[in-house]
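Data block below; observations after.
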Amino acid sequence: MNSLFLSDGYKPGHEKMLAPGTTKLYGTWIPRSIKYAPQGVTKIVSFGQQLVWKWIHDEFKENFFMREEIDLHLNNSFRKEGETIEDKVQEVKQIYKAKALQFVKDMALYLGMKYDGDHFEALWDLGYLPIKVKALPEGIETEPNIPHMTFINTVDGFAWLPLYLETIVSSLAWKPSTSATIALQYRRNLVEWVMKTDPNNAWLIPYLAHDFSARGLSPWDMISSGLGHATSFRGSDTLPVIPAARYFYNEPENEVVINSVNASEHSVSTTKIFTVGEQQMLSDWMKDFPNGILSVVSDTFDLWKLITEYLPALKEQIMSRNGKLVIRPDSGNPVDIVCGWPSSSEKTYEEYVQYGIDHDLEAFTHKDKNSYKGVIELLWDIFGGTINEQGYKVLDSHIGAIYGDSITLERQQA
């Protein structure tokens, strides 16, 4: 697609609307408000400017100026008899210039009128985007209404260009900055609670809020959102962040900016469960992955049965393994599932059961008190652990839990 299409339909006419004699024009990118920001967010993280402008540079180079395509064409074409190199270059350039300026014909059809696109032709002849960008350092925070970047044309006659690019700049820039802002708040919450309850494990903080941007976002968005998350955390399953960090931010090739663990999903769980059963599945996987963290989605059929029947039966294997088995619930209200229900109430078990009956809740089909306790307390009952200097229970290092869905800042705190 011609890069000129990456703008609003009202902008192609602006070149003629500028005041006579206008030579330069500033564009700005300003996060204007935090009125819809999640709990705790008071400032905005500056991030993504380098990502945005490298992307725009590459996009126009490839799909508007097409200089590499021209060179490739020239390298693979023959000159006619008597044709000079200069003639051949001009001939090939005209072919690609016509392709680029098809946009002008499309605008005439789009607007239903004669359309003069001489300024687009002048840009193609120039061969690059004459834009200078100034930006705040990435990673700092600002109040709302502070410009995070400005961009201005460096060649007279292209005053129309900065605000023509404003559309794609705005489209690309808000997501990495927003994701970085929210990730920082998750990290601050974690720092507060980890330092309060278990400071000896503060080294884990970069891994305690995990990113799954790839599950539902477009390829570009998973990169920009995933990189934003990576400004505060190393935990991520968004694989495109690895090459993107190298390309846009010069991450060394012998390093990766994110990390994750071996983890199952329902598709692999069901194949094993229907073949050998869920308890044997857990045992087999621990043999297949004898070291490190192994995360197992645990509610394929019955989360509570897996925890209270299969885990005790496999306790010796779990405790002798060189790593941590992580139990992953994947449905229900995460606060209640992980922490027990009702997490903020002193209701009795009988009241809990009646609540489930009254509200027809699926979780209340159990005849025991497992779902009342919640995952963490049940794991403590089976595997134990230590009570640290702060007076908090810390699960044995061979067992843990993660909840990987529907987590908000409010739920994180709860």
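The values are calculated or read from the model by the stated rules, or taken from the named source; none is laboratory data. Everything numeric in this text was worked out from a predicted model, so none of it was measured. For neighbour counting, all protein chains shown are included, and Cβ atoms are generated from backbone atoms with ideal geometry for every residue, glycine included. Note: accessible area is taken over every heavy atom of the protein model, side chains too, but ligands, DNA and RNA are not part of it. Shrake-Rupley method; radii C 1.70, N 1.55, O 1.52, S 1.80 Å.
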- Query: Across the stretch 178-222, which residue is farthest from S295 (Cα to Cα) among those that are touching a strand residue (DSSP E or B) at 6+ places or on another chain (Cβ under 6 Å) and part of a helix (DSSP H, G or I)?
  - Reply: T181
- Might you let me know whether the stretch 286-301 holds any residue that is modelled with pLDDT of 95 or more, assigned to a helix (DSSP H, G or I) and either of a type in the set (S, T, N, Q) or open to solvent by less than 60 Å² (accessible area, probe 1.4 Å) (or both)? yes
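For every residue, the table says whether it meets (1) among the aliphatic types (A, V, I, L, M); (2) in contact with a His (Cβ under 8 Å, 6 or more places away or on another chain); (3) farther than 22 Å from G139 by Cβ.
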{"position": "Y186", "(1), (2), (3)": "no, no, no"}
{"position": "N189", "(1), (2), (3)": "no, no, no"}
{"position": "V194", "(1), (2), (3)": "yes, no, no"}
{"position": "H210", "(1), (2), (3)": "no, no, no"}
{"position": "R215", "(1), (2), (3)": "no, no, yes"}
{"position": "P219", "(1), (2), (3)": "no, no, yes"}
{"position": "I223", "(1), (2), (3)": "yes, no, no"}
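A quick yes/no check of all residues on (1) closer than 17 Å to I70 by Cβ; (2) among the aliphatic types (A, V, I, L, M); (3) at pLDDT 95 or above:
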{"position": "E86", "(1), (2), (3)": "yes, no, no"}
{"position": "V92", "(1), (2), (3)": "yes, yes, no"}
{"position": "D106", "(1), (2), (3)": "no, no, yes"}
{"position": "L109", "(1), (2), (3)": "no, yes, yes"}
{"position": "M113", "(1), (2), (3)": "no, yes, no"}
{"position": "L123", "(1), (2), (3)": "yes, yes, yes"}
- Message: I'm checking my understanding of the structure. Among residues of the stretch 314-350 that are of a type in the set (D, E, K, R) and open to solvent by less than 90 Å² (accessible area, probe 1.4 Å), which one is modelled with the lowest pLDDT?
- Response: K347
- Query: With respect to the numbered conditions (1) surrounded by 12 or more Cβ atoms within 10 Å (Cβ to Cβ); (2) touching a residue at least 24 places away in the same chain (Cβ under 8 Å), which one is the sole condition not fulfilled by K196?
  - Reply: (1)
- Item | A214 being closer than 30 Å to I387 by Cβ, under 13 Å from the mean Cα position of the chain (by Cα) and open to solvent by 10 Å² or more (accessible area, probe 1.4 Å) | no
- Note on the structure: When every residue in the stretch 250-267 that is hydroxyl-bearing (S, T, Y) and over 16 Å from the mean Cα position of the chain (by Cα) is compared, the one nearest to V52 (Cα to Cα) is S264
- Message: Just the residues that are free of Cβ contacts under 8 Å to residues at least 12 places away in the same chain and among the charged types (D, E, K, R), please, taken from the stretch 254-286.
- Response: E255
- Task: Select from the stretch 65-107 the residues that are aliphatic (A, V, I, L, M) and under 43 Å from the mean Cα position of the chain (by Cα) and list them in ascending order.
- Result: M66, I70, L72, L74, V92, I95, A98, A100, L101, V104, M107
- Note on the structure: A careful count of residues in the stretch 262-277 that are open to solvent by 40 Å² or more (accessible area, probe 1.4 Å), more than 17 Å from R215 (Cα to Cα) and part of a loop (DSSP other than H, G, I, E, B) gives 0
- Subset of the stretch 114-162 [open to solvent by less than 60 Å² (accessible area, probe 1.4 Å), touching a residue at least 40 places away in the same chain (Cβ under 8 Å) and in a loop (DSSP other than H, G, I, E, B)]: Y115, G117, G127, L129, L136, G139, P144, P147, H148, G157, A159, W160
- Message: So, in the stretch 8-64, exactly how many residues are of a type in the set (A, V, I, L, M), surrounded by fewer than 16 Cβ atoms within 10 Å (Cβ to Cβ) and under 28 Å from the mean Cα position of the chain (by Cα)?
- Response: 2
- Selected residue (only one of L208, L190 is open to solvent by 60 Å² or more (accessible area, probe 1.4 Å), of a type outside the set (S, T, N, Q) and under 25 Å from D330 (Cα atoms)): L208
- Message: Just checking, does the stretch 177-188 include any residue being of a type in the set (A, V, I, L, M, F, W, C) and more than 19 Å from the chain's Cα centre (by Cα)?
- Response: no
- Task: Would you be able to tell me the number of residues in the stretch 65-101 that are touching a His at 6+ places or on another chain (Cβ under 6 Å) and exposed (fewer than 14 other Cβ atoms within 10 Å of the Cβ)?
- Result: 0
- Message: Within the stretch 242-256, take every residue that is out of contact with any Asp or Glu (no Cβ under 8 Å at 6 or more places or on another chain) and within 18 Å of D58 (Cβ to Cβ) and give me the one that is surrounded by the most Cβ atoms within 10 Å (Cβ to Cβ).
- Response: A244
- Message: Going by what's in this entry, would S225 be described as among the polar types (S, T, N, Q), in a helix (DSSP H, G or I) and under 15 Å from the mean Cα position of the chain (by Cα)?
- Response: yes
